[in-house]
Amino acid sequence: MSNLISNPIGLFDSGIGGYSIFIALKKVIPREKVIYVLDNKYSPYGYLKKSKLKERSIEIINFLISKKSKIIIIACNTVTTNLISFLRKKYSVPIVGVEPGVIPASLKTKSGIIGVLATKSTISSYLFKKTSKKIVKDVNIISKEGKDLIEIIENDKIEENSTLKVLKSLIDPMMKENADVLVLGCTHYPFLTDQIKKITKNKMSIIDTSESIAFQTKRSLKNEKLLSNSEENTSNLFFYTGNCPKNKILINEKLIKIKI
């Protein structure tokens, strides 16, 4: 395994959402090289049929493996909650997934009510329902589909007033039900944190699992004896499919188009 130490971490999402995981990775394990695929061609994944989602995930993972990725991070709640068991059986490379942090939210709530923002595919998935059953007794979940939020982020409309209105329509009903914790159930949503705080006015704690995923990745690499021992690695690669990302969050990154 030691000859794989210098190999990269493979990361993918339907767009810019996985960049929130990338930022956390560079804080927690800065010596690691990351290859990130932004699959804009099929963004957002939340609208894909499961058969197409499976097909696309296989294509992207195969590409990341061809680039010698030593571990794969599925930086998408929709793919994780619908396909991670299948993908872990299919591939020998370690796979880390993401899913809404309802369990930590259930431990944090004081009112006994938590809100979850996620895609329709995540909310309706077996894994989300299974995880939700493990929460602390007498804690209730209010789930809302974050419809249009991914498109808002991808198109760099985060700071527009119309975005605040969309968020208010989703969060206000949760607050009226006395929800005091909000779970960001999509890797895109952390980029909306400042706008969300304007609405909640610190009346809701926000659960973002990005850092937890970074630490989980570190543990997996350590267990496999694959942690890099190089200096801080800045030779990360960003690939995209379809149209070039518009969001200014990626303005300092060199983006390479691929056809898969």
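The values are calculated or read from the model by the stated rules, or taken from the named source; none is laboratory data. Quantities reported herein were computed from a predicted structural model and do not represent experimental measurements. Reconstructed Cβ throughout: ideal geometry from the backbone, glycine too, with neighbour counts over all protein chains shown. Accessible surface areas use protein heavy atoms only, side chains included; no ligands, DNA or RNA. Shrake-Rupley method; radii C 1.70, N 1.55, O 1.52, S 1.80 Å.
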Run residue 54 past the list (1) part of a helix (DSSP H, G or I); (2) of a type in the set (D, E, K, R); (3) in contact (Cβ under 8 Å) with a residue 60 or more places away in the chain and report the number of the one that doesn't hold. (3)
Taking the conditions exactly as written (touching a residue at least 12 places away in the same chain (Cβ under 8 Å) and in contact with a Ser or Thr (Cβ under 7 Å, 6 or more places away or on another chain)), does residue 220 satisfy them or not? no
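Looking at the stretch 147-154, can you tell me whether even one residue there is out of contact with any Phe, Trp or Tyr (no Cβ under 6 Å at 6 or more places or on another chain), at pLDDT 95 or above and within 21 Å of residue 102 (Cβ to Cβ)? Spell out how you get there, then give the answer.
First, pick out the residues of the stretch 147-154 that are out of contact with any Phe, Trp or Tyr (no Cβ under 6 Å at 6 or more places or on another chain): 147-152, 154.
Adding the requirement that they be at pLDDT 95 or above leaves none.
No: the stretch 147-154 contains no residue that is out of contact with any Phe, Trp or Tyr (no Cβ under 6 Å at 6 or more places or on another chain), at pLDDT 95 or above and within 21 Å of residue 102 (Cβ to Cβ).
Using the structure shown, decide if residue 38 is open to solvent by less than 10 Å² (accessible area, probe 1.4 Å) and over 14 Å from residue 188 (Cβ atoms).
no
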Counting just the residues of the stretch 180-227 that are small (Gly, Ala, Ser) and under 24 Å from residue 135 (Cβ atoms), which one comes out surrounded by the most Cβ atoms within 10 Å (Cβ to Cβ)? 185
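Considering only helices (runs of 4 or more DSSP H) fully contained in the stretch 142-260, which possess at least 2 residues that are over 30 Å from residue 8 (Cβ atoms)? Give the derivation first.
Working: elements: 149-154, 161-176, 193-200, 210-223.
Once the helices (runs of 4 or more DSSP H) in the stretch 142-260 are filtered for at least 2 residues that are over 30 Å from residue 8 (Cβ atoms), what remains is 161-176, 193-200.
Quick one: how many residues across the stretch 136-166 are among the small types (Gly, Ala, Ser) and out of contact with any strand residue (DSSP E or B) (no Cβ under 6 Å at 6 or more places or on another chain)?
The initial filter retains those residues of the stretch 136-166 that are among the small types (Gly, Ala, Ser), namely 143, 146, 162.
Next, from what is left, pick out any that are out of contact with any strand residue (DSSP E or B) (no Cβ under 6 Å at 6 or more places or on another chain): 162.
Of the residues in the stretch 136-166, 1 are among the small types (Gly, Ala, Ser) and out of contact with any strand residue (DSSP E or B) (no Cβ under 6 Å at 6 or more places or on another chain).
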When the stretch 88-145 is checked residue by residue, the ones that are polar (S, T, N, Q), free of Cβ contacts under 8 Å to residues at least 60 places away in the same chain and open to solvent by 10 Å² or more (accessible area, probe 1.4 Å) are 92, 124, 131, 132, 140, 143
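Go through the stretch 72-87 residue by residue and tally those that are surrounded by 15 or more Cβ atoms within 10 Å (Cβ to Cβ) and either over 24 Å from residue 184 (Cα atoms) or in contact with a Cys (Cβ under 7 Å, 6 or more places away or on another chain) (or both).
Pass one, the stretch 72-87, residues surrounded by 15 or more Cβ atoms within 10 Å (Cβ to Cβ): 72-84, 87.
With the extra rule that they be either over 24 Å from residue 184 (Cα atoms) or in contact with a Cys (Cβ under 7 Å, 6 or more places away or on another chain) (or both), the set shrinks to 77.
Counting residues in the stretch 72-87 that are surrounded by 15 or more Cβ atoms within 10 Å (Cβ to Cβ) and either over 24 Å from residue 184 (Cα atoms) or in contact with a Cys (Cβ under 7 Å, 6 or more places away or on another chain) (or both) gives 1.
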Check residue 247 against each of (1) in contact with a strand residue (DSSP E or B) (Cβ under 6 Å, 6 or more places away or on another chain); (2) under 17 Å from residue 23 (Cα atoms) and name the one condition it does not meet. (1)
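Table: residues versus (1) in contact with a helix residue (DSSP H, G or I) (Cβ under 6 Å, 6 or more places away or on another chain); (2) small (Gly, Ala, Ser).
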residue	(1), (2)
165	no, no
171	yes, no
176	no, no
185	yes, yes
190	yes, no
204	no, no
Reported set for the stretch 224-241 where residues are at pLDDT 95 or above and more than 14 Å from residue 22 (Cβ to Cβ) is 241
